[in-house]
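Take a look at the structure set out below.
The values are calculated or read from the model by the stated rules, or taken from the named source; none is laboratory data. On a predicted model such as this, the values are computed, not experimentally measured, just so you know. Every residue, glycine among them, receives a Cβ derived from its backbone with ideal geometry; neighbour counts consider all protein chains shown. Ligands, DNA and RNA are stripped out before the accessible areas are found, and what is left, the full protein with its side chains, is counted by its heavy atoms. Shrake-Rupley method; radii C 1.70, N 1.55, O 1.52, S 1.80 Å.
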Amino acid sequence: MADPIKTSSEVRQDVSIRGDNVQRIYSFFRNGIFIVNRRYQRKLVWNVEEKQKFIDSISKTYPVPLFLLATTQHHGTERFEIIDGMQRLNAICSFIEQEFGIVSEEDNVEKYFDLDTMAETKYLHDKGILIQKEPKLDRVTCLRIANYPLPLSIYTIDSGNQIDEIFRRINSGGRQLSHQEVRQSSSLGHFADAVRKIASKIRGDDSQFDILTLGDMSKISVSNKQLGYGIKVEDIFWVKQSVLSREKLRQSSDEEIVADALGSMLLPDHFTSNKDLLDNLYGIYSLDSPTKDDRHKMLENNLSKDQEYWINVFIRIYDEIKQIVQYSDTNLNNLINVNSSTSRYSPKQFLTLFWALYELIFKDNKVISDYVLLGKKLEAAKRISKVTSGYYSGKNKRINVDALKGVISSAFREKASEDDDPATTTGFTKIENLLVYNYTEQALCEFKQGFHQLNSGGSFDNNLVLKIVKTLTAMANYGKNAKGYLIVGIADDETASERICAYYNKINYQPVKFNNFFISGINAEVETYYDGSFEKYLLKINNQIKTQPIDKGFLANNISSKLVNYYNKSLVLFEVKAADKPVYFGDQYFVRNTNENIEVKPQHFGDLYMKFS
């Protein structure tokens, strides 16, 4: 039985208040001491102006709010889990690391922290790990910032449940949080968790694990143009397709749309979209709530049985929407919003399209047969949509969904027995999420460009098969419940992608670029060496894998490979799931250290097995 949550008086005895200067806080950051639990923490969303304003306050020695931390164990090391103050801590550390400067009042010029001010940053500067930007802020101001004492409230807590409860109580008042952020921070059930995971996958800040260091959080957080990290806000689907404004995205309105869409998928009726009814989905009821039915209990019950299935269903529909846009000459807002010239955003129209596609594909058992035709049908259908300002009523939703289905159904056909299960089909989002994993979980994500060597003979690289299987076993030895992924068809860099194009001498092998990745696909290999037969290609690979020195039961039950498509680029996706104990490759154990496979020596076998206890 889990330990009960301590009373307020008991928790208070485990709280210490202290001040640590910015210099020490930065040292904690560099050593991975600050961790973030994504189950309840919202994403990093401060823009550069908000960060500059906060650093300016420190430079002027103005008082700043208390930072709330909890001591916890992570990977056998004591860490500080951030309960409140993540945006501010990130602002401090990213300022020191030259991501932005503050504007000098003397000459109105943006100036950067002088890295030679602190011993640790001077060392990193001398090693070339940090690069000094110019012009530098004067040394006196930098010293004042480095020595500024930050007020820390540190809880010594044994149970994750206690941290959850403290966070919920701190944020349930909703100060400085949007309605949706309050909902997410007030509920830690299956529905809130599913909404968070789906929204992260669509934004592109998905991660395999809930616990990340503060440094890793910045790599996958929403960023504006002035900040040189993370996911650019203008590239996120909701903003790029004019479904939401940038400010609405920062206020987590994307999660509100996800909650609305997911709720209607799982409940028997289309409910009215308003604040109180969305609150009810999260189990939050006020005295004047229009209903106190069991919507929340129904959602929790449905998602407790198979949350991953419903997340996959949602992402499948989202991927179909992206595919529709790909085949059109305009963005989504222009396709579905009859007033797109005056009404720049279209959240209600997106919901209507989402539900229509969900019902056609998962309820009516159909598949899209013509994406070009579907795009044209959508442009025609938007004129009959009756979307009004204010709340989106359940009745209005039903009318619009039925009308849209009637217009676009001719672009669908009946699902045939040979068609893939739509809930298991890997699409755009899965591939993009795996590419993003590489920023935070490099040990569990690896990419290769192809199985055939780019030489005069173009021979099949048997040694690559050996490396791939060894890598998969090393990923499986990461620990209990770990999953690892290896994708074949992604070039090492732009130079490698150009070499592939030149070798096969065909313009249609130009890569698709996503962030810093060049997705070339394996199409050229298949067409050149296998007469265009992907079946022959996969058979060759799988036959070679079977010859590798690995337990055959583990190979059959824990490693899978399949062909996936990303914007007409075919890729081979390998997935490995950890067993209940470490797995050998030959007569050796291997583990991952970032992107390298490291042999485990016999004296460390005990530590390896402890990962599975």
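Taking 7 Å steps out from each Cα toward its Cβ at ASN301 and ASN542 produces label points 4.1 nm apart. Beta bridges assigned by DSSP with both partners in segment 441-569 are antiparallel in approximately 65 percent of cases. Counting Lys and Arg as +1 and Asp and Glu as -1 over every other residue whose Cβ lies under 11 Å from the Cβ of GLN326, the net charge comes to -2. Ranked by the mean number of other Cβ atoms within 10 Å per residue, highest first, peptides 16-28, 87-99 order as 87-99, 16-28. Taking 7 Å steps out from each Cα toward its Cβ at ALA380 and SER16 produces label points 7.2 nm apart. Ignoring ligands, DNA and RNA, please state the percent of accessible area on segment 459-613 from carbon and sulfur, probe 1.4 Å. About 48 percent, which is the carbon plus sulfur part of the accessible surface. Surface exposure of the chain, expressed per residue as accessible area with a 1.4 Å probe, stands at 46 Å².
Can you give the calculated 222 nm mean residue ellipticity of the chain, where each DSSP H run of n ≥ 4 adds -39,500 (n - 2.57) and the sum is split over every residue, rounded to the nearest 500 deg cm²/dmol? Could the numbers behind the result be given before it?
Values: 26 runs with 271 residues, N = 613.
For the chain, the value works out to -13000 deg cm²/dmol.
Accessible surface of CYS501, taken over heavy atoms with a 1.4 Å probe and every protein chain present, rounds to 20 Å².
Shape verdict for segment 456-523, please, from the Cα gyration tensor: rounded (a/c under 1.5), prolate (a/b greater than b/c) or oblate.
Taking the square roots of the gyration eigenvalues as a ≥ b ≥ c, segment 456-523 is oblate.
If r is the Cβ-Cβ distance from SER393 to ASP587 and R0 is 51 Å, what FRET efficiency results, to the nearest 0.05? Efficiency computed from Cβ-Cβ geometry: 0.15. Quick one: if the Förster radius is 30 Å, what FRET efficiency do ASP269 and LYS562 give, using the C-beta to C-beta distance and rounding to 0.05? So, using R0 = 30 Å, E works out to roughly 0.25. The label-point distance for HIS74 and SER613, in a model that sets each label 7 Å from Cα toward Cβ, rounds to 2.3 nm. Where both bridge residues fall in the chain, DSSP classifies roughly 75% of the beta bridges as antiparallel.
Would you tally the net charge around LYS480, using a Cβ to Cβ cut-off of less than 12 Å, leaving LYS480 out, and scoring K and R as +1, D and E as -1?
Taking every other residue near LYS480 into account, the sum is +3.
Work through the residues other than LYS122 whose Cβ is under 14 Å from its Cβ and net out their charges, Lys, Arg +1 and Asp, Glu -1. Around LYS122, the charge tally is -1.
Expressed as a whole percent, the accessible surface of segment 256-395 that belongs to carbon and sulfur atoms is 47, based on a 1.4 Å probe. Accessible surface for LYS577 stands near 100 Å², nearest 10, in the context of the full protein assembly shown (1.4 Å probe).
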